[in-house]
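**Student:** Encoded as structure tokens, here's the structure I'll be asking about.
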Amino acid sequence: MDLLIKNGTIVTAESTFKADIAVKDGKIITVGQDIEPLKGTEVVDAQGKLVLPGAIDGHTHLAMPFGGTISSDDYYTGTKSAACGGTTTVFDFVLQGKGENMLDAIKRRDALAAPDAAVDYSFHVGVCDVTTPELLDSMEDAVKYGIPSFKVFMVYDFGVDDGAFYQVLQKAAKIGALVGVHAENRDVNNVLVKQYLAEGKTDAWWHYMAKNEDVEGEADVRAINLAKMAGTSLYIVHLADKQGVEAVAQARDEGYPIFAETCPQYLHFTNEVYKRERGRDFVCSPPMKGQESQDAIWAAIKAGDIATIATDHCPFTQAEKDWGITTKDGKPGNFTTIPNGCAGVENMYPYVLSEANKGRITFNKAVELCASNPAKLFGLDHLKGGITPGLDADIVIYDPEKNVTIANSEMHGNLDHTIWEGVEVKGYPVATYSRGNLVYKDGEFLGQKGAGKLIKCKPIKLTGPKL
Ligand code: URP
Ligand code: ZN
Ligand code: ZN
Ligand code: ZN
């Protein structure tokens, strides 16, 4: 036994109980009462603390070329930041190039991630080109390699049309893969953008207006219909609107394997942020919506219709966000010239756990949304997402009494601001272990660049709404 965490209150998705955790060679070997240390075992006293599985952030964009620049966190700073917020696994996006085989795309990206990642990581493949049978078939090579999840974009110029989306869904059903979707109506968005710009409406509020509730909701409904037609499961990423929430709940009630992810920014902020002086810092896609949508998302969390919370971490500096005022070429900017995305990988678990600590949801629910459900959905529950013998010792010690006001100066990523500045959280992680190694303690990162490894996931076959 290398490590013994004693006297803590263990919280899993299913239960809460006092027990000790013994760890050897990076794995949890025993969970039980009054475990005695051996000679040389490091003993950690977790009296008064909660002991949780590390979070699995199913949605990050590290070192991502996007919006005319590259997101500011690379695989080192992004995973370092994750560790300091209690997240021990991140799923990053590989964007397939035109004509690129999916497996080649994964390997190209892993060459960047492997030397840098400080916690474990895996990938979803962002599908951009299935114009030949070979490219579509290469999804199967990815699944065999251990990367069984994909994402299609219904927006952006690199996104796919409904025909390609449908083919990806059909393929996924055959090979044991999960398709995630960024659902927004591209055509309506483009029309609204043109109209607003012609009317001189250029600030961040119009980013929200051009991607309003209906623009997202229509695409959510269409995506669900396409999945039903293809007879397969679907994972709607960063769900942020009421119509979509209702469509997901209805499909699930009908027995369809439809799953949704939402993000902390949609749970905490509304479209009001776009009226702030630096509203452009909050520009992300989909944008924050009105209060009604936020209320619907929280209600769906309680009803069990939201499967996961993930961050969509995609940080850009304030100078880059300022391209909404003056572009990098010195031309007048507008809401379309602001790189889309916000940071959050260090804030997700503290924020969701804080909402639990304040009584809005249970701690078990927080663990389910942030750790065990992503593990089940993405095919890595044989390794992660719980506190059970045999699983990786990805463990967070959480102090429910430690209150923190979030400040960018205390964050560990590579960014000059945070949309979470000034937000008060009740309780905070005080230690994070990644496969038994202490990677974070009391505000300090203690991990190592390159220590994280690529997690190979099982094929994914979801036939109903239960995980
Ligand atoms: O604004 C966002 N979300 N940027 C990252 C790309 C995406 O759509 O997920
Ligand atoms: Zn997206
Ligand atoms: Zn329901
Ligand atoms: Zn994203």
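**Student:** Looking at (1) more than 16 Å from ligand 2 (Cβ to nearest atom); (2) over 18 Å from the mean Cα position of the chain (by Cα); (3) in contact (Cβ under 8 Å) with a residue 24 or more places away in the chain, can you tell me which one Ile70 breaks?
**Tutor:** Evaluating Ile70 over (1) more than 16 Å from ligand 2 (Cβ to nearest atom); (2) over 18 Å from the mean Cα position of the chain (by Cα); (3) in contact (Cβ under 8 Å) with a residue 24 or more places away in the chain leaves (3) as the failure.
**Student:** Does the stretch 232-252 contain at least one residue that is in contact with a Phe, Trp or Tyr (Cβ under 9 Å, 6 or more places away or on another chain), within 16 Å of ligand 4 (Cβ to nearest atom) and on the phi > 0 side of the Ramachandran plot?
**Tutor:** Yes, that holds for at least one residue.
**Student:** Can you pull out every residue in the stretch 235-246 that is crowded, with 24+ Cβ neighbours inside 10 Å and away from ligand 1 (no atom under 16 Å from the Cβ)?
**Tutor:** Passing the criteria: only Val245.
Bear in mind that the values in this text are calculations on the coordinates, not laboratory data. Small disclaimer: the values here were computed from a predicted structure and weren't measured. Because the Cβ atoms are built from the backbone with ideal geometry, glycine has one as well, and the counts that use them run over all protein chains shown.
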